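In what follows, a single structure is set out as structure tokens and then discussed.
The values are calculated or read from the model by the stated rules, or taken from the named source; none is laboratory data. From a predicted model like this one, the values you see are computed outputs, not experimental measurements. Quick reminder, even Gly has a Cβ in these numbers, built from the backbone with ideal geometry, and neighbours come from all protein chains shown.
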Amino acid sequence: MSAQEVWSGGAAGRPGDTVLRHPNGSIDIGAYAAIAHRQRAAAIASSMLSAVRFVRDAGAAVTLRQKRSASGKPFG
């Protein structure tokens, strides 16, 4: 990535006041697009993992209930 961090307040700037810029001083829109795409991909992956975990847990609960029902043990 060709962008560099430039403090908006000079050396006394606070963290979070940075802007990604090209060496010529213009704002690097490509860097922000790349960051947004990575965050979107991470959010999608997290949602998918959560859904898979839910389906797996539901399947395990159904299997356990079937086994207990077959053995005559109470559900509580």
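Numbers at a glance
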{"read-out": "Test: residue in region 59-68 that is at positive phi and either more than 22 Å from the chain's Cα centre (by Cα) or free of Cβ contacts under 8 Å to residues at least 60 places away in the same chain (or both)", "value": "no"}
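Residue-wise test of (1) surrounded by 13 or more Cβ atoms within 10 Å (Cβ to Cβ); (2) part of a helix (DSSP H, G or I); (3) on the phi < 0 side of the Ramachandran plot; (4) at pLDDT 55 or above.
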site: V6; (1), (2), (3), (4): yes, no, yes, no
site: A11; (1), (2), (3), (4): no, yes, yes, no
site: N24; (1), (2), (3), (4): no, no, yes, yes
site: G30; (1), (2), (3), (4): yes, yes, yes, yes
site: A33; (1), (2), (3), (4): no, yes, yes, yes
site: A36; (1), (2), (3), (4): no, yes, yes, yes
site: Q39; (1), (2), (3), (4): no, yes, yes, yes
